[in-house]
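Inspection log for the structure reproduced underneath, given as structure tokens.
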Amino acid sequence: MRISDVLRALAPEFGDVSHSKLRFLEEQGLITPVRTPSGYRQYSQADVERLRYVLTEQRDSYLPLKVIKERLAAMDAGDDEARPAPRLAPAESSARRRWTREQVAEAAGASPELVDDLIRVGAVERSGHGMLGAGSVDVVRIAVALSEHGIEPRHLRTLRSAADRQVALADQVVAPWRGRQSSSAHGEAAAMAAEIGELLTRLHAIWVRQGVADL
């Protein structure tokens with residue numbers, strides 16, 4: 001498989017994966033595609049599954065690449081306990097990259113008016129041509145559940161502002177790497193930003209859980 005084929009295979013589940021991210025993971029020793037005599041990379045299906053494991057552990061378990069590399073080494077050595085449990089393939093609906101307002105409302109079990117209100121307060125963002133990103137469905141579903149407790153879209157404005165400040169903090173950290181003119185630096189910036197974002201998300205969740213436990 002060519003690198004474009006690999007990106008196409010991973011895109012439904014990992015929409016932000018890029019050429020530079022794959023090259024960075026290769027430089028870190030997490031994957032080792034074969035090279036043709038002319039120097040082009042060629043990936044096997046095993047390489048794709050290895051990449052899927054790395055990206056999943058980063059996204060779902062907040063693991064740094066060093067730990068993921070150690071787990072891969074254990075699996076390569078035949079340690080069955082290090083192998084991940086089988087995963088279900090993502091549903092077709094969750095793989096959709098862009099949604100219309102009506103599709104989001106239908107998938108989330110919400111009214112189009114609620115989606116409009118969430119867009120108005122910035123909780124759901126429009127992309128090019130007025131379409132909504134795949135994450136919009138999850139946002140609307142949560143908003144529907146919160147509305148049952150009297151929490152309205154306007155109450156989510158401060159939460160979105162706090163999230164934007166966290167993104168700005170991550171951006172401040174990775175900016176020096178992103179400004180370098182090399183694919184490896186861009187890949188490192190993307191990986192670092194993802195890891196910082198997951199850590200900030202986890203920290204925020206801990207604080208909220210601690211706070212509500214005292215109510």
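Against the definition (surrounded by fewer than 15 Cβ atoms within 10 Å (Cβ to Cβ), without any contact (Cβ under 8 Å) to a residue 60 or more places away in the chain and closer than 27 Å to residue 20 by Cβ), how does residue 210 come out, yes or no?
no
Pick from segment 155-171 the residues that are of a type in the set (Gly, Ala, Ser) and under 18 Å from the mean Cα position of the chain (by Cα): which of them is most open to solvent (accessible area, probe 1.4 Å)?
Only one residue fits best here, namely 168.
List the number of the failed condition for residue 174; all other conditions in (1) more than 19 Å from residue 196 (Cα to Cα); (2) open to solvent by less than 80 Å² (accessible area, probe 1.4 Å); (3) assigned to a helix (DSSP H, G or I) hold.
Of (1) more than 19 Å from residue 196 (Cα to Cα); (2) open to solvent by less than 80 Å² (accessible area, probe 1.4 Å); (3) assigned to a helix (DSSP H, G or I), only one is false for residue 174: (1).
Taking residue 152 and the conditions (1) open to solvent by 80 Å² or more (accessible area, probe 1.4 Å); (2) closer than 21 Å to residue 15 by Cβ; (3) at pLDDT 90 or above; (4) touching an Asp or Glu at 6+ places or on another chain (Cβ under 8 Å), which numbered condition does it fall short on, given that it satisfies the others?
Residue 152 satisfies all of (1) open to solvent by 80 Å² or more (accessible area, probe 1.4 Å); (2) closer than 21 Å to residue 15 by Cβ; (3) at pLDDT 90 or above; (4) touching an Asp or Glu at 6+ places or on another chain (Cβ under 8 Å) except (2).
From 167, 173, 139, grab the single residue that is farther than 20 Å from residue 58 by Cα and either at pLDDT below 85 or out of contact with any Asp or Glu (no Cβ under 6 Å at 6 or more places or on another chain) (or both).
139
Being without any contact (Cβ under 8 Å) to a residue 24 or more places away in the chain and open to solvent by less than 40 Å² (accessible area, probe 1.4 Å) is the filter here; which residues of segment 188-207 pass it?
189, 193, 205, listed by residue number.
Of all the residues that make up segment 24-37, how many are surrounded by 16 or more Cβ atoms within 10 Å (Cβ to Cβ), in contact with a helix residue (DSSP H, G or I) (Cβ under 8 Å, 6 or more places away or on another chain) and not in a loop (DSSP other than H, G, I, E, B)?
Residues in segment 24-37 being surrounded by 16 or more Cβ atoms within 10 Å (Cβ to Cβ), in contact with a helix residue (DSSP H, G or I) (Cβ under 8 Å, 6 or more places away or on another chain) and not in a loop (DSSP other than H, G, I, E, B): 2 in total.
So which residues in segment 34-50 are touching a residue at least 24 places away in the same chain (Cβ under 8 Å) and under 21 Å from residue 182 (Cβ atoms), if there are any at all?
Residues satisfying the conditions are 40, 41.
Rundown of residues vs (1) among the basic types (Lys, Arg); (2) part of a helix (DSSP H, G or I); (3) at pLDDT 80 or above, yes/no style:
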residue: 6; (1), (2), (3): no, yes, yes
residue: 9; (1), (2), (3): no, yes, yes
residue: 22; (1), (2), (3): no, yes, yes
residue: 39; (1), (2), (3): no, no, yes
residue: 75; (1), (2), (3): no, yes, yes
residue: 87; (1), (2), (3): yes, no, no
residue: 107; (1), (2), (3): no, yes, yes
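Would you mention how many residues in segment 171-187 are of a type in the set (Ser, Thr, Tyr) and in contact (Cβ under 8 Å) with a residue 40 or more places away in the chain?
2
How many residues does segment 116-149 contain that are assigned to a helix (DSSP H, G or I) and either farther than 11 Å from residue 99 by Cβ or out of contact with any strand residue (DSSP E or B) (no Cβ under 8 Å at 6 or more places or on another chain) (or both)?
19
The values are calculated or read from the model by the stated rules, or taken from the named source; none is laboratory data. What you are looking at is a predicted structure, and each value in this text was computed from that prediction instead of being measured. For neighbour counting, all protein chains shown are included, and Cβ atoms are generated from backbone atoms with ideal geometry for every residue, glycine included. Accessible surface areas use protein heavy atoms only, side chains included; no ligands, DNA or RNA. Shrake-Rupley method; radii C 1.70, N 1.55, O 1.52, S 1.80 Å.
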